[in-house]
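Student: Structure below; questions to follow.
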Amino acid sequence: ICIMRRLFPPLSQGDVDPTGKSKVRAKKPSSKYNEEISSDSETERPTAPKKSQSTEQIEYEETPQEKKLRLAKLYLEQLKEEEENKAEEASFETDLIAGRLQEEVLEQKGKLQRLIAKDLIPPDPSEIRMFRGHKLPITCLVISSDDKYIFSAAKDCSIIKWDVKCGKKLHTIPGGRKGTEDRHVGHTAHILCMAISSDGKYLATGDMNNLIMIWEAETCKHLYKFTGHKGPVSGVSFRKGTHDLYSASHDRSIKVWNVDENAYVETLFGHQDSITGLDSLSRERCVTAGGRDGTVRVWKIAEESQLVFHGHDGSIDCIQLINEEHMITGADDGSVCLWSVNKKKPLSTVKQAHGCHGDAGLEQPHWVVSVAALQNSDTVASGSHNSQVTVWKCGQNYRGLEPVFSVPVCGFVNSLKFSSSGQFLVAGVGQEHRLGRWWRLKEAKNGIYVIPLKRKPSNPEEAKVAE
(Lines give C-alpha, C1' and ligand atoms only; values in the text may rest on other atoms or scores of the structure.)
Protein backbone atom coordinates (compact mmCIF):
# COMPACT_ATOMS: atom_id res chain seq x y z
CA ILE A 1 0.00 0.00 0.00
CA CYS A 2 2.88 2.35 0.80
CA ILE A 3 4.46 1.67 -2.52
CA MET A 4 1.20 2.26 -4.38
CA ARG A 5 0.76 5.55 -2.58
CA ARG A 6 4.21 6.65 -3.48
CA LEU A 7 3.68 5.73 -7.12
CA PHE A 8 0.11 7.03 -7.38
CA PRO A 9 -0.46 9.96 -4.96
CA PRO A 10 -4.02 11.36 -4.53
CA LEU A 11 -5.24 13.91 -7.06
CA SER A 12 -5.05 17.57 -6.19
CA GLN A 13 -7.81 19.98 -7.04
CA GLY A 14 -5.96 21.28 -10.01
CA ASP A 15 -6.23 17.84 -11.47
CA VAL A 16 -10.04 17.95 -11.74
CA ASP A 17 -11.46 18.40 -15.25
CA PRO A 18 -13.74 21.47 -15.69
CA THR A 19 -16.35 19.16 -17.19
CA GLY A 20 -16.58 17.48 -13.86
CA LYS A 21 -14.61 14.49 -14.79
CA SER A 22 -11.43 13.90 -13.02
CA LYS A 23 -8.32 13.86 -15.15
CA VAL A 24 -5.29 12.13 -13.84
CA ARG A 25 -1.99 13.63 -14.78
CA ALA A 26 0.91 11.19 -14.65
CA LYS A 27 3.53 12.59 -12.43
CA LYS A 28 7.02 12.24 -13.78
CA PRO A 29 8.83 9.69 -11.76
CA SER A 30 12.06 10.70 -10.15
CA SER A 31 15.30 10.21 -11.97
CA LYS A 32 16.09 7.39 -9.61
CA TYR A 33 13.07 5.37 -10.66
CA ASN A 34 13.50 6.49 -14.26
CA GLU A 35 16.96 4.97 -14.30
CA GLU A 36 15.67 1.76 -12.74
CA ILE A 37 12.79 1.49 -15.19
CA SER A 38 15.05 2.22 -18.18
CA SER A 39 17.51 -0.40 -17.05
CA ASP A 40 14.72 -2.90 -16.58
CA SER A 41 13.36 -2.07 -20.00
CA GLU A 42 16.79 -2.53 -21.55
CA THR A 43 17.06 -5.99 -20.11
CA GLU A 44 13.58 -6.85 -21.25
CA ARG A 45 13.92 -5.22 -24.69
CA PRO A 46 15.78 -7.89 -26.76
CA THR A 47 12.96 -10.38 -26.69
CA ALA A 48 13.30 -11.32 -30.38
CA PRO A 49 16.97 -12.35 -30.12
CA LYS A 50 16.11 -14.50 -27.16
CA LYS A 51 13.55 -16.30 -29.26
CA SER A 52 16.04 -16.74 -32.12
CA GLN A 53 18.65 -17.97 -29.65
CA SER A 54 16.24 -20.44 -28.23
CA THR A 55 15.27 -21.63 -31.71
CA GLU A 56 18.96 -21.96 -32.61
CA GLN A 57 19.52 -23.97 -29.48
CA ILE A 58 16.62 -26.14 -30.44
CA GLU A 59 17.99 -26.56 -33.94
CA TYR A 60 21.47 -27.59 -32.75
CA GLU A 61 20.35 -29.76 -29.93
CA GLU A 62 20.93 -33.40 -30.88
CA THR A 63 21.05 -36.60 -29.03
CA PRO A 64 24.40 -38.32 -28.40
CA GLN A 65 23.40 -41.06 -30.86
CA GLU A 66 22.66 -38.52 -33.61
CA LYS A 67 25.99 -36.79 -32.94
CA LYS A 68 27.87 -40.11 -33.19
CA LEU A 69 26.10 -40.91 -36.46
CA ARG A 70 26.89 -37.46 -37.93
CA LEU A 71 30.57 -37.67 -36.97
CA ALA A 72 30.81 -41.21 -38.34
CA LYS A 73 29.39 -40.07 -41.69
CA LEU A 74 31.82 -37.15 -41.79
CA TYR A 75 34.74 -39.44 -41.01
CA LEU A 76 33.70 -41.89 -43.75
CA GLU A 77 33.47 -39.05 -46.28
CA GLN A 78 36.98 -37.88 -45.34
CA LEU A 79 38.32 -41.41 -45.69
CA LYS A 80 36.66 -41.79 -49.06
CA GLU A 81 38.14 -38.49 -50.29
CA GLU A 82 41.61 -39.42 -49.03
CA GLU A 83 41.45 -42.82 -50.74
CA GLU A 84 40.37 -41.20 -54.03
CA ASN A 85 43.26 -38.73 -53.82
CA LYS A 86 45.71 -41.54 -53.06
CA ALA A 87 44.38 -43.56 -55.99
CA GLU A 88 44.80 -40.55 -58.31
CA GLU A 89 48.35 -39.90 -57.05
CA ALA A 90 49.24 -43.57 -57.34
CA SER A 91 47.95 -43.78 -60.90
CA PHE A 92 49.79 -40.56 -61.78
CA GLU A 93 53.03 -41.86 -60.25
CA THR A 94 52.56 -45.19 -62.03
CA ASP A 95 52.07 -43.43 -65.37
CA LEU A 96 55.06 -41.19 -64.64
CA ILE A 97 57.30 -44.12 -63.73
CA ALA A 98 56.08 -46.10 -66.71
CA GLY A 99 56.78 -43.13 -68.97
CA ARG A 100 60.26 -42.72 -67.54
CA LEU A 101 61.03 -46.41 -67.87
CA GLN A 102 59.77 -46.42 -71.43
CA GLU A 103 61.88 -43.35 -72.18
CA GLU A 104 64.96 -44.98 -70.63
CA VAL A 105 64.41 -48.15 -72.66
CA LEU A 106 64.05 -46.13 -75.87
CA GLU A 107 67.13 -44.11 -74.92
CA GLN A 108 69.17 -47.27 -74.37
CA LYS A 109 68.00 -48.65 -77.69
CA GLY A 110 68.83 -45.37 -79.41
CA LYS A 111 65.25 -44.93 -80.61
CA LEU A 112 64.18 -41.93 -78.55
CA GLN A 113 63.54 -38.84 -80.68
CA ARG A 114 61.92 -35.86 -78.98
CA LEU A 115 60.38 -33.52 -81.53
CA ILE A 116 61.73 -30.11 -80.54
CA ALA A 117 62.94 -28.42 -83.73
CA LYS A 118 59.45 -27.56 -84.99
CA ASP A 119 58.87 -25.29 -81.98
CA LEU A 120 62.17 -23.38 -82.16
CA ILE A 121 62.23 -19.79 -83.35
CA PRO A 122 65.30 -17.66 -84.22
CA PRO A 123 66.62 -15.59 -81.29
CA ASP A 124 66.96 -11.85 -81.54
CA PRO A 125 70.62 -10.88 -82.11
CA SER A 126 70.44 -8.64 -79.03
CA GLU A 127 69.66 -11.69 -76.88
CA ILE A 128 72.91 -13.46 -77.80
CA ARG A 129 75.49 -12.99 -75.05
CA MET A 130 79.25 -13.03 -75.57
CA PHE A 131 81.86 -13.98 -72.96
CA ARG A 132 85.41 -12.77 -73.59
CA GLY A 133 88.47 -13.88 -71.64
CA HIS A 134 90.79 -15.88 -73.89
CA LYS A 135 93.51 -14.06 -75.81
CA LEU A 136 93.63 -16.57 -78.67
CA PRO A 137 90.99 -18.58 -80.59
CA ILE A 138 88.66 -20.82 -78.59
CA THR A 139 89.24 -24.46 -79.53
CA CYS A 140 86.80 -26.41 -77.34
CA LEU A 141 84.21 -26.08 -74.59
CA VAL A 142 81.86 -28.16 -72.45
CA ILE A 143 78.75 -27.42 -70.36
CA SER A 144 78.13 -28.97 -66.94
CA SER A 145 75.17 -31.35 -66.75
CA ASP A 146 73.22 -28.90 -64.54
CA ASP A 147 73.73 -26.13 -67.16
CA LYS A 148 75.25 -23.77 -64.56
CA TYR A 149 78.83 -23.67 -65.80
CA ILE A 150 80.80 -23.53 -69.06
CA PHE A 151 84.42 -24.63 -69.31
CA SER A 152 86.37 -23.29 -72.28
CA ALA A 153 89.91 -23.73 -73.57
CA ALA A 154 91.93 -22.00 -76.26
CA LYS A 155 95.17 -21.81 -78.19
CA ASP A 156 96.56 -19.63 -75.37
CA CYS A 157 96.70 -22.89 -73.33
CA SER A 158 94.34 -21.50 -70.68
CA ILE A 159 91.11 -22.94 -69.23
CA ILE A 160 88.30 -20.72 -67.94
CA LYS A 161 85.28 -21.70 -65.87
CA TRP A 162 82.28 -19.43 -66.51
CA ASP A 163 79.01 -18.83 -64.68
CA VAL A 164 76.28 -19.18 -67.31
CA LYS A 165 73.76 -16.98 -65.52
CA CYS A 166 75.88 -13.87 -65.02
CA GLY A 167 78.69 -14.52 -67.51
CA LYS A 168 81.47 -14.02 -64.96
CA LYS A 169 84.77 -15.88 -64.87
CA LEU A 170 84.75 -18.11 -61.80
CA HIS A 171 88.21 -19.59 -62.26
CA THR A 172 91.09 -19.34 -64.70
CA ILE A 173 93.84 -21.92 -65.18
CA PRO A 174 96.57 -19.98 -66.98
CA GLY A 175 98.58 -21.50 -69.77
CA GLY A 176 102.35 -21.81 -69.61
CA ARG A 177 105.05 -21.05 -72.13
CA LYS A 178 106.74 -23.73 -74.18
CA GLY A 179 109.63 -25.21 -72.24
CA THR A 180 108.11 -24.66 -68.79
CA GLU A 181 106.43 -28.09 -68.60
CA ASP A 182 108.49 -29.17 -65.57
CA ARG A 183 107.47 -26.29 -63.31
CA HIS A 184 104.10 -25.17 -64.71
CA VAL A 185 100.89 -26.83 -63.50
CA GLY A 186 98.75 -26.79 -66.60
CA HIS A 187 99.03 -26.89 -70.36
CA THR A 188 101.93 -25.39 -72.28
CA ALA A 189 100.56 -26.17 -75.76
CA HIS A 190 97.31 -25.57 -77.63
CA ILE A 191 94.40 -27.35 -75.96
CA LEU A 192 92.41 -29.23 -78.61
CA CYS A 193 89.67 -31.02 -76.68
CA MET A 194 87.94 -31.30 -73.33
CA ALA A 195 85.24 -33.37 -71.60
CA ILE A 196 83.38 -33.33 -68.28
CA SER A 197 82.03 -36.38 -66.45
CA SER A 198 78.26 -36.70 -66.21
CA ASP A 199 78.34 -36.20 -62.42
CA GLY A 200 80.42 -33.05 -62.81
CA LYS A 201 83.35 -34.37 -60.77
CA TYR A 202 86.14 -34.54 -63.33
CA LEU A 203 87.25 -32.34 -66.22
CA ALA A 204 89.63 -33.79 -68.83
CA THR A 205 91.64 -31.78 -71.37
CA GLY A 206 93.97 -32.84 -74.20
CA ASP A 207 96.66 -30.78 -75.90
CA MET A 208 99.20 -30.62 -78.73
CA ASN A 209 101.93 -31.93 -76.39
CA ASN A 210 100.30 -35.41 -76.38
CA LEU A 211 99.11 -34.90 -72.79
CA ILE A 212 95.77 -35.49 -71.08
CA MET A 213 95.19 -33.60 -67.83
CA ILE A 214 92.51 -34.37 -65.27
CA TRP A 215 91.07 -31.58 -63.12
CA GLU A 216 88.59 -31.35 -60.28
CA ALA A 217 85.74 -29.53 -61.99
CA GLU A 218 84.44 -27.74 -58.90
CA THR A 219 87.72 -26.18 -57.79
CA CYS A 220 89.77 -26.48 -61.03
CA LYS A 221 92.47 -28.23 -59.00
CA HIS A 222 94.93 -30.33 -61.00
CA LEU A 223 94.68 -34.06 -60.20
CA TYR A 224 96.43 -36.28 -62.77
CA LYS A 225 98.44 -36.23 -65.96
CA PHE A 226 98.01 -39.07 -68.48
CA THR A 227 100.86 -39.73 -70.88
CA GLY A 228 100.96 -42.39 -73.56
CA HIS A 229 99.76 -40.87 -76.79
CA LYS A 230 102.46 -40.23 -79.38
CA GLY A 231 100.62 -37.43 -81.13
CA PRO A 232 98.37 -34.46 -80.27
CA VAL A 233 95.26 -35.49 -78.30
CA SER A 234 92.33 -34.42 -80.49
CA GLY A 235 89.36 -35.94 -78.66
CA VAL A 236 88.33 -36.96 -75.12
CA SER A 237 85.00 -38.17 -73.76
CA PHE A 238 83.74 -39.67 -70.50
CA ARG A 239 81.43 -42.64 -70.72
CA LYS A 240 78.09 -41.45 -69.36
CA GLY A 241 77.45 -42.44 -65.76
CA THR A 242 81.06 -43.55 -65.19
CA HIS A 243 84.57 -42.17 -64.84
CA ASP A 244 85.92 -44.19 -67.77
CA LEU A 245 87.66 -41.86 -70.21
CA TYR A 246 88.16 -42.43 -73.95
CA SER A 247 90.83 -40.44 -75.80
CA ALA A 248 91.76 -40.12 -79.49
CA SER A 249 94.95 -38.80 -81.01
CA HIS A 250 96.71 -37.89 -84.22
CA ASP A 251 98.76 -41.05 -83.58
CA ARG A 252 95.66 -42.89 -84.96
CA SER A 253 94.94 -44.70 -81.67
CA ILE A 254 92.09 -44.82 -79.16
CA LYS A 255 93.01 -45.21 -75.49
CA VAL A 256 90.84 -46.13 -72.51
CA TRP A 257 91.57 -44.77 -69.01
CA ASN A 258 90.11 -45.23 -65.54
CA VAL A 259 90.21 -41.82 -63.90
CA ASP A 260 89.14 -43.00 -60.43
CA GLU A 261 92.19 -45.24 -60.24
CA ASN A 262 94.46 -42.94 -62.27
CA ALA A 263 95.09 -45.90 -64.56
CA TYR A 264 95.58 -46.74 -68.23
CA VAL A 265 93.37 -49.60 -69.46
CA GLU A 266 93.96 -50.38 -73.15
CA THR A 267 94.69 -49.08 -76.67
CA LEU A 268 92.73 -49.70 -79.89
CA PHE A 269 94.04 -49.21 -83.45
CA GLY A 270 92.32 -49.01 -86.83
CA HIS A 271 92.31 -45.53 -88.36
CA GLN A 272 94.65 -44.84 -91.25
CA ASP A 273 95.05 -41.13 -90.57
CA SER A 274 94.94 -38.63 -87.70
CA ILE A 275 91.76 -38.94 -85.61
CA THR A 276 90.05 -35.54 -85.45
CA GLY A 277 87.09 -36.13 -83.13
CA LEU A 278 85.57 -38.55 -80.60
CA ASP A 279 82.31 -38.91 -78.69
CA SER A 280 80.56 -41.44 -76.43
CA LEU A 281 77.36 -41.96 -74.42
CA SER A 282 76.38 -44.61 -71.87
CA ARG A 283 77.24 -47.75 -73.84
CA GLU A 284 80.73 -49.21 -73.61
CA ARG A 285 81.62 -47.87 -77.02
CA CYS A 286 82.77 -44.67 -78.68
CA VAL A 287 82.65 -43.13 -82.16
CA THR A 288 85.49 -41.39 -83.96
CA ALA A 289 86.10 -39.26 -87.05
CA GLY A 290 89.17 -40.35 -89.00
CA GLY A 291 90.12 -37.15 -90.77
CA ARG A 292 91.53 -37.80 -94.23
CA ASP A 293 91.11 -41.56 -94.10
CA GLY A 294 87.45 -40.72 -94.88
CA THR A 295 85.96 -43.10 -92.30
CA VAL A 296 83.73 -42.89 -89.27
CA ARG A 297 84.25 -45.74 -86.81
CA VAL A 298 82.24 -47.21 -83.96
CA TRP A 299 84.48 -48.88 -81.38
CA LYS A 300 83.07 -51.71 -79.27
CA ILE A 301 85.45 -51.56 -76.34
CA ALA A 302 84.56 -54.85 -74.63
CA GLU A 303 84.73 -56.86 -77.86
CA GLU A 304 87.77 -54.88 -79.08
CA SER A 305 86.08 -54.60 -82.47
CA GLN A 306 85.10 -51.75 -84.74
CA LEU A 307 82.54 -50.85 -87.40
CA VAL A 308 83.70 -48.77 -90.37
CA PHE A 309 81.51 -46.23 -92.22
CA HIS A 310 82.18 -44.28 -95.43
CA GLY A 311 80.37 -41.22 -96.78
CA HIS A 312 82.28 -37.91 -96.91
CA ASP A 313 84.55 -36.87 -99.76
CA GLY A 314 86.92 -34.77 -97.63
CA SER A 315 88.52 -34.79 -94.19
CA ILE A 316 85.97 -35.63 -91.49
CA ASP A 317 86.76 -33.07 -88.79
CA CYS A 318 83.95 -33.37 -86.22
CA ILE A 319 81.50 -35.95 -84.87
CA GLN A 320 78.72 -36.04 -82.26
CA LEU A 321 76.30 -38.73 -81.08
CA ILE A 322 72.59 -37.84 -81.13
CA ASN A 323 71.61 -41.01 -79.29
CA GLU A 324 73.04 -44.50 -78.92
CA GLU A 325 72.18 -45.40 -82.51
CA HIS A 326 72.59 -42.17 -84.49
CA MET A 327 75.32 -39.57 -85.02
CA ILE A 328 76.15 -36.47 -87.04
CA THR A 329 79.45 -35.57 -88.73
CA GLY A 330 80.93 -32.62 -90.61
CA ALA A 331 83.79 -32.44 -93.10
CA ASP A 332 85.94 -29.94 -94.97
CA ASP A 333 84.07 -30.79 -98.19
CA GLY A 334 81.27 -28.67 -96.72
CA SER A 335 78.90 -31.59 -96.06
CA VAL A 336 76.95 -32.63 -92.99
CA CYS A 337 75.92 -36.29 -92.67
CA LEU A 338 73.46 -38.19 -90.48
CA TRP A 339 74.36 -41.79 -89.67
CA SER A 340 72.87 -44.89 -88.09
CA VAL A 341 75.22 -47.45 -86.54
CA ASN A 342 73.28 -50.10 -88.46
CA LYS A 343 73.99 -48.59 -91.91
CA LYS A 344 77.38 -48.34 -93.59
CA LYS A 345 76.33 -45.28 -95.59
CA PRO A 346 74.83 -42.00 -94.31
CA LEU A 347 71.07 -41.84 -93.81
CA SER A 348 71.17 -38.26 -95.08
CA THR A 349 73.79 -35.89 -96.52
CA VAL A 350 73.60 -32.12 -97.01
CA LYS A 351 76.32 -30.89 -99.35
CA GLN A 352 77.59 -27.32 -99.14
CA ALA A 353 75.71 -27.00 -95.86
CA HIS A 354 77.23 -23.56 -95.22
CA GLY A 355 77.54 -22.36 -98.80
CA CYS A 356 80.67 -21.58 -100.84
CA HIS A 357 83.31 -18.86 -101.07
CA GLY A 358 85.89 -17.80 -103.63
CA ASP A 359 85.99 -16.35 -107.13
CA ALA A 360 83.53 -17.40 -109.81
CA GLY A 361 84.47 -20.77 -111.18
CA LEU A 362 86.82 -21.43 -108.27
CA GLU A 363 84.26 -21.67 -105.49
CA GLN A 364 85.15 -23.79 -102.51
CA PRO A 365 82.64 -24.93 -99.85
CA HIS A 366 82.95 -23.52 -96.35
CA TRP A 367 84.46 -26.19 -94.10
CA VAL A 368 82.18 -27.62 -91.45
CA VAL A 369 84.32 -27.10 -88.36
CA SER A 370 81.96 -28.28 -85.60
CA VAL A 371 78.68 -30.11 -85.04
CA ALA A 372 76.45 -30.53 -82.00
CA ALA A 373 73.36 -32.55 -81.13
CA LEU A 374 70.66 -32.11 -78.50
CA GLN A 375 70.63 -35.64 -77.13
CA ASN A 376 67.63 -37.86 -77.90
CA SER A 377 65.97 -35.17 -80.01
CA ASP A 378 65.56 -34.14 -83.64
CA THR A 379 67.70 -31.00 -83.23
CA VAL A 380 71.34 -30.66 -84.36
CA ALA A 381 73.60 -27.74 -85.23
CA SER A 382 76.69 -27.08 -87.34
CA GLY A 383 79.29 -24.34 -87.39
CA SER A 384 81.66 -23.10 -90.07
CA HIS A 385 83.52 -19.89 -90.92
CA ASN A 386 80.76 -18.30 -93.01
CA SER A 387 79.56 -16.18 -90.03
CA GLN A 388 76.64 -18.53 -89.41
CA VAL A 389 75.65 -21.23 -86.94
CA THR A 390 72.89 -23.33 -88.51
CA VAL A 391 70.31 -25.29 -86.53
CA TRP A 392 68.90 -28.33 -88.34
CA LYS A 393 65.84 -30.51 -87.94
CA CYS A 394 66.27 -34.26 -88.42
CA GLY A 395 63.47 -36.00 -90.28
CA GLN A 396 61.49 -38.88 -88.85
CA ASN A 397 63.75 -41.82 -88.05
CA TYR A 398 66.66 -39.45 -88.79
CA ARG A 399 66.11 -39.59 -92.53
CA GLY A 400 66.61 -36.09 -93.90
CA LEU A 401 68.01 -32.79 -92.65
CA GLU A 402 66.19 -29.47 -92.96
CA PRO A 403 67.57 -26.08 -91.87
CA VAL A 404 65.49 -24.43 -89.13
CA PHE A 405 67.32 -21.12 -88.78
CA SER A 406 70.80 -19.59 -88.78
CA VAL A 407 72.41 -17.37 -86.17
CA PRO A 408 75.01 -14.75 -87.14
CA VAL A 409 78.37 -15.55 -85.51
CA CYS A 410 81.54 -14.07 -87.02
CA GLY A 411 84.63 -16.30 -87.05
CA PHE A 412 85.54 -19.98 -86.99
CA VAL A 413 82.96 -21.82 -84.91
CA ASN A 414 85.44 -24.29 -83.46
CA SER A 415 83.11 -25.84 -80.89
CA LEU A 416 79.35 -26.19 -80.42
CA LYS A 417 77.43 -27.62 -77.47
CA PHE A 418 73.73 -27.78 -76.57
CA SER A 419 72.77 -27.42 -72.92
CA SER A 420 71.24 -30.53 -71.32
CA SER A 421 67.91 -28.74 -70.90
CA GLY A 422 67.89 -27.55 -74.51
CA GLN A 423 67.46 -23.94 -73.37
CA PHE A 424 70.59 -22.60 -75.06
CA LEU A 425 73.39 -23.37 -77.49
CA VAL A 426 77.02 -22.36 -76.83
CA ALA A 427 79.52 -21.62 -79.60
CA GLY A 428 83.28 -21.30 -79.11
CA VAL A 429 84.58 -18.89 -81.75
CA GLY A 430 88.05 -17.88 -82.89
CA GLN A 431 89.90 -16.08 -85.65
CA GLU A 432 91.54 -19.36 -86.72
CA HIS A 433 90.61 -23.01 -87.23
CA ARG A 434 91.18 -25.10 -84.10
CA LEU A 435 93.51 -27.55 -85.86
CA GLY A 436 95.70 -25.10 -87.78
CA ARG A 437 96.38 -21.63 -89.14
CA TRP A 438 95.38 -21.97 -92.79
CA TRP A 439 93.96 -18.44 -92.77
CA ARG A 440 92.80 -15.83 -90.27
CA LEU A 441 89.58 -13.84 -89.99
CA LYS A 442 90.73 -10.52 -88.54
CA GLU A 443 87.22 -9.15 -88.09
CA ALA A 444 86.29 -12.06 -85.77
CA LYS A 445 86.52 -11.91 -81.98
CA ASN A 446 87.80 -14.76 -79.82
CA GLY A 447 84.96 -15.52 -77.44
CA ILE A 448 82.03 -17.64 -76.37
CA TYR A 449 78.54 -16.99 -77.69
CA VAL A 450 75.52 -18.12 -75.63
CA ILE A 451 72.58 -18.44 -78.01
CA PRO A 452 69.11 -18.82 -76.39
CA LEU A 453 66.84 -21.42 -77.99
CA LYS A 454 63.43 -19.80 -77.88
CA ARG A 455 60.22 -21.78 -78.28
CA LYS A 456 56.91 -20.80 -79.79
CA PRO A 457 54.46 -19.42 -77.18
CA SER A 458 51.99 -22.28 -77.54
CA ASN A 459 54.58 -24.93 -76.93
CA PRO A 460 53.02 -28.37 -76.31
CA GLU A 461 54.83 -31.04 -74.36
CA GLU A 462 57.75 -32.46 -76.22
CA ALA A 463 56.44 -35.28 -78.33
CA LYS A 464 58.27 -38.53 -78.22
CA VAL A 465 58.40 -40.67 -81.30
CA ALA A 466 59.90 -44.13 -81.35
CA GLU A 467 61.06 -45.87 -84.46
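Student: Under the condition of being assigned to a loop (DSSP other than H, G, I, E, B) and charged (D, E, K, R), which residue from the range 212-230 is nearest to Y149 (Cα to Cα)?
Tutor: So the first thing to find is which residues in the range 212-230 are assigned to a loop (DSSP other than H, G, I, E, B), and the list is 217-220, 227-230.
Remaining after also requiring charged (D, E, K, R): 218, 230.
On the way: E218: 10, K230: 32 Å.
So the residue we want is E218.
Student: If a residue must be outside any strand (DSSP E or B) and without any contact (Cβ under 8 Å) to a residue 60 or more places away in the chain, how many such residues does the range 237-282 contain?
Tutor: First, the residues of the range 237-282 that are outside any strand (DSSP E or B): 239-243, 250-252, 259-262, 270-276, 281-282.
Then keep just the ones that are without any contact (Cβ under 8 Å) to a residue 60 or more places away in the chain; that gives 239-243, 250-252, 260-262, 270-275.
Total meeting the criteria: 17.
Student: Of everything in the range 294-316, what is free of Cβ contacts under 8 Å to residues at least 40 places away in the same chain, under 14 Å from I254 (Cβ atoms) and not basic (K, R)? Give them in sequence order.
Tutor: T295, A302, E303, E304, S305, Q306, L307, V308
Student: How about the range 117-169: which of its residues are basic (K, R) and over 16 Å from the mean Cα position of the chain (by Cα)?
Tutor: In the first step, residues of the range 117-169 are kept if they are basic (K, R); the result is 118, 129, 132, 135, 148, 155, 161, 165, 168-169.
Within the range 117-169, K118, R129, R132, K135, K155, K161, K168, K169 qualify.
Student: Looking at the range 210-234, which of its residues are within 25 Å of G436 (Cβ to Cβ) and in contact with a Phe, Trp or Tyr (Cβ under 8 Å, 6 or more places away or on another chain)?
Tutor: Hits for the range 210-234 are L211, I212, M213, F226, G228.
Student: Please report, ordered by residue number, the strands (runs of 3 or more DSSP E) entirely within the range 113-191 with at least 1 residues that are out of contact with any Asp or Glu (no Cβ under 9 Å at 6 or more places or on another chain), surrounded by fewer than 15 Cβ atoms within 10 Å (Cβ to Cβ) and among the aliphatic types (A, V, I, L, M). Full working, then the answer.
Tutor: On the way: elements: 129-131, 138-143, 149-154, 159-163, 169-173.
By residue number, 129-131.
Student: Another question, then. Mind checking which residues of the range 198-212 are among the hydroxyl-bearing types (S, T, Y) and surrounded by 23 or more Cβ atoms within 10 Å (Cβ to Cβ)? Explain how you work it out, then say what you get.
Tutor: Our first condition is that a residue be among the hydroxyl-bearing types (S, T, Y); within the range 198-212, this holds for 198, 202, 205.
Result: T205, single match.
Student: In the range 355-368, which residues are open to solvent by 10 Å² or more (accessible area, probe 1.4 Å), part of a loop (DSSP other than H, G, I, E, B) and touching a strand residue (DSSP E or B) at 6+ places or on another chain (Cβ under 9 Å)? I'd like the intermediate steps shown before the answer.
Tutor: So in the range 355-368, the residues open to solvent by 10 Å² or more (accessible area, probe 1.4 Å) come out as 355-367.
Adding the requirement that they be part of a loop (DSSP other than H, G, I, E, B) leaves 355, 358-363, 366-367.
Hits for the range 355-368 are G355, G358, E363, H366, W367.
Student: Kindly evaluate H326 against the criterion of being touching a residue at least 12 places away in the same chain (Cβ under 8 Å) and buried (at least 20 other Cβ atoms within 10 Å of the Cβ).
Tutor: Answer is yes for this residue.
The values are calculated or read from the model by the stated rules, or taken from the named source; none is laboratory data. Here the structure is a predicted model, which means the values were calculated and not measured. Here Cβ is always computed from backbone atoms with ideal geometry, including for glycine, and neighbour counts include all displayed protein chains. Please note that ligands, DNA and RNA were not included when accessible areas were found on the heavy atoms of the full protein model with its side chains. Shrake-Rupley method; radii C 1.70, N 1.55, O 1.52, S 1.80 Å.
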